[in-house]
Structures are given as C-alpha cells and as structure tokens.
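Working notes, structure below.
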Amino acid sequence: MLLEVHDLHVEFRTRDGIAKAVNGVTYGVDAGETLAVLGESGSGKSVTAQAVMGILDIPPGRITGGRILFQGRDLLTLKEEERRTVRGAEMAMIFQDALSSLNPVLSVGDQLGEMFVVHRGMSRKDARAKAVELMDRVRIPAAKERVRQYPHQFSGGMRQRIMIAMAMALEPALIIADEPTTALDVTVQAQVMELLAELQRELHMGLILITHDLGVVADVADRIAVMYAGRIVESAPVHDIYKAPAHPYTRGLLDSIPRLDQKGQELYAIKGLPPNLMHIPPGCAFHPRCPMAQDVCRTDEPPLYEVDEERGSACHFWRECLHG
Ligand code: SF4
Ligand code: MG
C-alpha cells in the first residue's frame, strides 16, 4: 500500500467545546489507484486529507490517535522538516478554489517554475521551459504565450488545470484532490476530471478524490469510502456501490444524483442535517435521518461489518439494505 490511514482521530477545540471531526478512520490507497472519499460537508473527509498532508498539526486541530503510513513511513512521527519534504515532493493537494490557492501577483509560469527551482535546483530559464511543458501537458492552449499571464487572466477551468499542473510537477506518488471540480460548470467539470484521471494513470499515482457528489466519481474511482460524522460508513469497489449500496446513507446519496431519465421530477434529498460534531448522536450517528432505523440503532454503535472481502458497512441492517 502506498498510503495507509489507521484508526485516525482528529479533534478541534472550539469556544463551545470539542468537535470530534474524525472518529476512527481507516483507509488505504495503492499506487495507480483512485479512492473516492464521499460525504456531506462536515463528514471529516477534508480533515482526514489535511491530516495526511500534514497541514493540520496546528491548533485548533489536533490528531488524538491513529497512524498514517506513507510508503511504509509513519508520517506522524516525522520531524516537521522531513514532513515538509514529503509534502512538497512526494504528495500534493489540489483544492476547490484555484484562485485563492494561486498567488495573484506572480505569473503562472513563475509559480510553476518555482517548484523546479526550489525542489530540483533548476535555473530560472530551465524552470520556465518546464512550466511551458507542464501547461502543454494539461492542455492549456498557447502555453508559450500564456506562461507569462497571471491567474486572473485564466478561466476557472484553465486555472484548475494550472493547479493540476502544479500538483503533478514533481511527479508525486500521491495526489489528494479536494472537490477539484465543484466550482466549475458541468461540462468543464467532466473535462477536468478526465484530465486528472488520465494523468493519474500515466504517472501511476495514487489519487484520493474528495467529493460530495457521487455523480462525478463513477467513471474515475476504483473504490469509494463513504464518510458520515467522522467515520467511514461504507467502503467498497465502485461498481458494487452503484449496483446495490449496503448502507442507507449511501443509498440516500445515490438517490440524490440527478438522472436524465427523471428530468422534471423532484430530486430525492436525505432528510435532516448532518450532526453537530460536538454532540454526535449515540448509537448509529445516522439514526435521526435514517429511514430504516430501529431501536437498536439508537443505542448500539454499528462496527464496520464485513459484507465481503472487499466491502464493509457500518449498518446493523446492511443485509436488508443490500437486498432491499
Ligand atoms: Fe440506519 Fe440503523 Fe443502519 Fe444506522 S444502523 S444506518 S440507523 S439502519
Ligand atoms: Mg471540505
């Protein structure tokens, strides 16, 4: 395994108390594999990724338990210096909002080139040539001319391509993309997602794709981990999930994807809101919103039951869900 997260716990100290953002997450990604991490906002999917990237070890966020193994090394025991090297060269992150992640007063060429100057000791001139090469690679037209332009001179989709170019510049082993296409139009979304998937295959990288939208990952993910209230509630190969979900929450997410054959009909929405992380409901955290909830769900927290070798579900009634 390229990356293994074991029983990770993360808390946030707030004025009103301790928010339990991540409550025992275990997942893994292999080289050349894409793991989609799915959930509503506040489910802990981004926080888990930030812990992996090592950009969370500052208050108010605190890792209170677990291990993160990357290429066999336990990242949580590395010194900040070593951690920074791993973060810069071996793993990279792509965020939703390229405009706020890019420096507005530096040309995109300078920003892309900087990676090679800092991490590879290249001259400015060689770094500039590398920047043009990268822009070509993410299919930005007229890269030679546009390399001199500033982030605001690019469209949202083109800026996201620049972010992808930055992330893959040093050919990291792992890329984490947090809602990389959420801010884009649907057609542009598909193009950017395709590009990301293509580069991931070519470079044989591990990819963690964080999203709230089950609709965008069907064609690109190998596995899906569904998160709720800081836990993984279902984990399975992508095709199994689409065929038949083994958790009522996954079913709800599937039912809320807009479908062409249902145009005009009102879209299904899971009732209620995600829980307050300072007061996670006892038993199954999903029970106040679950259409299948029974008495036992209000008292007994479901473990991640083994549905089969490749699949787990944290629902007492996963069999009924799977066959219902
Ligand atoms: Fe619903 Fe109960 Fe399953 Fe939780 S354990 S998802 S409340 S049926
Ligand atoms: Mg998020």
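The values are calculated or read from the model by the stated rules, or taken from the named source; none is laboratory data. Just so we're clear, the structure is a prediction, and the values are computed from it rather than from any experiment. When we count neighbours, we look across all protein chains shown, and the Cβ atoms used for this are built from the backbone with ideal geometry, even at glycine.
Going by the structure shown, is Glu33 within 16 Å of ligand 1 (Cβ to nearest atom) and touching a strand residue (DSSP E or B) at 6+ places or on another chain (Cβ under 9 Å)?
no
Identify the single condition in (1) of a type outside the set (A, V, I, L, M); (2) within 17 Å of Val29 (Cβ to Cβ); (3) in contact with a His (Cβ under 8 Å, 6 or more places away or on another chain) that Thr211 does not satisfy, given that it satisfies every other one.
Tallying (1) of a type outside the set (A, V, I, L, M); (2) within 17 Å of Val29 (Cβ to Cβ); (3) in contact with a His (Cβ under 8 Å, 6 or more places away or on another chain), Thr211 fails exactly one: (3).
Give all pairs with beta carbons closer than 7 Å in which a residue from the stretch 276-296 that is farther than 19 Å from Phe12 by Cβ meets a residue that is of a type in the set (S, T, N, Q) and more than 8 Å from ligand 1 (Cβ to nearest atom); count only pairs at least 6 apart in sequence or on separate chains.
Pro282/Thr299; Gly283/Thr299
Given (1) under 23 Å from Ser46 (Cα atoms); (2) buried (at least 20 other Cβ atoms within 10 Å of the Cβ); (3) at pLDDT 95 or above, identify the lone condition not met by Arg311.
Tallying (1) under 23 Å from Ser46 (Cα atoms); (2) buried (at least 20 other Cβ atoms within 10 Å of the Cβ); (3) at pLDDT 95 or above, Arg311 fails exactly one: (2).
Would you mention how many residues in the stretch 72-98 are out of contact with any strand residue (DSSP E or B) (no Cβ under 8 Å at 6 or more places or on another chain) and surrounded by 15 or more Cβ atoms within 10 Å (Cβ to Cβ)?
Residues that pass the stated criteria total 6.
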